[in-house]
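A.B. asks: What follows is a structure written as C-alpha cells; I'll ask about it next.
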Amino acid sequence: MKNKLIIAGPCSAETEEQVMETLEKIATLGKVNMLRAGIWKPRTRPGSFEGVGAIGLKWLINAGKKVNLPVITEVANKDHVALALNAGFKNLWIGARTTVNPFAIQEIADSLQGRDIDLLLIKNPINPDLQLWIGAIERCKKAGVKNIGVIHRGFSAFKTNKYRNEPLWEIPLMLKEKFPDIQLICDPSHICGRRDTLEEVSQKAMDLEYDGLMIETHREPDVAWSDAKQQITPKRLGEMLDHIIMRQKISTNPESSAKIEVFREQLESMDHQILEILSKRMAVAQKIGEIKKENNITILQSERWKLVKDERLKYGLNIGLTEKFLTRYLNALHQESIRHQTKVMN
Ligand code: PEP
Ligand code: MN
C-alpha cells in the first residue's frame, strides 16, 4: 500500500488508555501512516455519546508522539479549530454533517486563514449533493488552506439495504474530474456500517485509484462507545490491508498492454455505434412527435411508457444488464425522447 494514505483509529476517543492502546497496536502494524479519533461527535440524536471533548486532544497528540505518526481529528466549528490547533494538531477533517452547512464551513475556513496546517480533509455531505461538496472545497481554498483532500464516506438514504451510506461512486469520481490533483480518500467504515463488507469496498476504492483509506479501528470494537458495529480490531485491520490487491495504473507487460489496446478500440467502435443508434432513435421519436402535433395528442403517455419500460427492463435483464443501470438508462432515454418531441411540438 505504498504511496497511499492509510488513516486508522477509533471512531471516538473514549479514555486515555483506549486511545493509547488502540493507536500503539495500529502503529505496530507498520501499514498505517496517520491516526484518527473523534473528540467531538456530531450525533444525529441527543442522548448518545457526544465525545469526550477537548480533554481528548492531548491523548491523541501524546499517542501520536509516542508512536511517531501524525494524528487527525474532526472539527465542526471555529472553537474546535482553535482548540485543536493549540493542542498541536496539524491535520483536521470536516465531518459529513458539517459539509452540508455553508455557514459552518465558512466559519471553519475563516478560522483556518493564515494558520499553518499540513492537511485538511473534507468529507462528502450526507446528502448526495456534489455542489455542496465542491462549495466546501472552494471556501477552504479561498481562505488559503493549501493541502485539501476529500473523504468519500457515502450518502445517507431513507432506505438502505447493503450499505449504511450509499457509496454512489459516480459523485466522488465527478469531484475528482473537477479537482484532478485533490487527494481522494475512501472511508469504507461509514459506507458499510458493518465489518464484513469493509474489505470489498476498500478494494473497489483502490481499483478506482483512490489515494487512501480511513478505517475505524478499536482495541475492542464490540464495546466501542460509538459505531461499534463497523469498527475492527488492529489485527483485523492488518489482515485486511494485506489482502487488498494493489493494481498498477498502467501495465508494465507490453503483451497485455497490446491486448487491452485492441479491446479498447472495440469499445470505442461500439460506443460510437450505440450513439449512432440513439441518434436514429430520436429521429423516430421526432416523427411520432410530428403525428402527435397534427392530432393534438399529449407528448407524455405514462401508461404506454410503463409498458415499454417493463418490456425493455425484462429484455435487458435477460441479457445480463443490471437493474440499476437499466432503470437509469431507460429514464434518461425517455427524457431525451420527450426533449426531442417537445422541440417538434413547439
Ligand atoms: C466519523 O468519522 O466518526 C464521523 C462522524 O463520520 P461522518 O462525518 O462521515 O459521519
Ligand atoms: Mn464513526
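A.B. asks: Could you check, for the stretch 85-105, whether at least one of its residues is at pLDDT below 95 and either surrounded by fewer than 16 Cβ atoms within 10 Å (Cβ to Cβ) or within 23 Å of residue 135 (Cα to Cα) (or both)?
C.D. replies: no
A.B. asks: Filter the stretch 288-318 down to residues that are surrounded by 10 or more Cβ atoms within 10 Å (Cβ to Cβ) and without any contact (Cβ under 8 Å) to a residue 40 or more places away in the chain, then give me how many there are.
C.D. replies: Counting residues in the stretch 288-318 that are surrounded by 10 or more Cβ atoms within 10 Å (Cβ to Cβ) and without any contact (Cβ under 8 Å) to a residue 40 or more places away in the chain gives 17.
A.B. asks: Considering each residue of the stretch 30-72, count those that are within 15 Å of residue 85 (Cα to Cα), open to solvent by 50 Å² or more (accessible area, probe 1.4 Å) and either in a loop (DSSP other than H, G, I, E, B) or within 16 Å of ligand 2 (Cβ to nearest atom) (or both), and give that number.
C.D. replies: Counting residues in the stretch 30-72 that are within 15 Å of residue 85 (Cα to Cα), open to solvent by 50 Å² or more (accessible area, probe 1.4 Å) and either in a loop (DSSP other than H, G, I, E, B) or within 16 Å of ligand 2 (Cβ to nearest atom) (or both) gives 1.
A.B. asks: Can you confirm whether residue 321 is assigned to a helix (DSSP H, G or I), of a type outside the set (Lys, Arg) and open to solvent by less than 100 Å² (accessible area, probe 1.4 Å)?
C.D. replies: Answer is no for this residue.
Here is a yes/no grid of residues against (1) touching a residue at least 12 places away in the same chain (Cβ under 8 Å); (2) out of contact with any Pro (no Cβ under 8 Å at 6 or more places or on another chain); (3) small (Gly, Ala, Ser):
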| residue | (1), (2), (3) |
| --- | --- |
| 50 | no, yes, no |
| 55 | no, yes, no |
| 68 | yes, yes, no |
| 72 | yes, yes, no |
| 98 | yes, no, no |
| 123 | yes, yes, no |
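A.B. asks: Out of 51, 88, I need the residue that is on the phi > 0 side of the Ramachandran plot and touching a helix residue (DSSP H, G or I) at 6+ places or on another chain (Cβ under 6 Å). Which one?
C.D. replies: Unique residue meeting the criteria: 88.
A.B. asks: Which count do you get for residues in the stretch 131-167 that are more than 20 Å from residue 201 (Cβ to Cβ), surrounded by fewer than 17 Cβ atoms within 10 Å (Cβ to Cβ) and not basic (Lys, Arg)?
C.D. replies: 7
A.B. asks: Any residue at all in the stretch 111-124 that's within 16 Å of ligand 1 (Cβ to nearest atom), part of a loop (DSSP other than H, G, I, E, B) and buried (at least 17 other Cβ atoms within 10 Å of the Cβ)?
C.D. replies: yes
A.B. asks: Among residues belonging to the stretch 197-219 that are more than 16 Å from ligand 1 (Cβ to nearest atom) and touching a residue at least 60 places away in the same chain (Cβ under 8 Å), point out the one that is surrounded by the most Cβ atoms within 10 Å (Cβ to Cβ).
C.D. replies: 219
A.B. asks: Right, another one. Residues of the stretch 180-234 being more than 15 Å from ligand 2 (Cβ to nearest atom), part of a strand (DSSP E or B) and out of contact with any Phe, Trp or Tyr (no Cβ under 7 Å at 6 or more places or on another chain), which ones?
C.D. replies: Those that are more than 15 Å from ligand 2 (Cβ to nearest atom), part of a strand (DSSP E or B) and out of contact with any Phe, Trp or Tyr (no Cβ under 7 Å at 6 or more places or on another chain): 183, 212.
A.B. asks: Related question: Among the listed residues 191, 244, which satisfies the condition of being in contact with a Gly (Cβ under 7 Å, 6 or more places away or on another chain) and open to solvent by less than 20 Å² (accessible area, probe 1.4 Å)?
C.D. replies: After applying the criteria, what remains is 191.
The values are calculated or read from the model by the stated rules, or taken from the named source; none is laboratory data. Small disclaimer: the values here were computed from a predicted structure and weren't measured. Glycine also receives a Cβ, built like all others from the backbone with ideal geometry; neighbour counts cover every protein chain displayed. Surface accessibility is based on the protein's heavy atoms, side chains included, excluding ligands, DNA and RNA. Shrake-Rupley method; radii C 1.70, N 1.55, O 1.52, S 1.80 Å.
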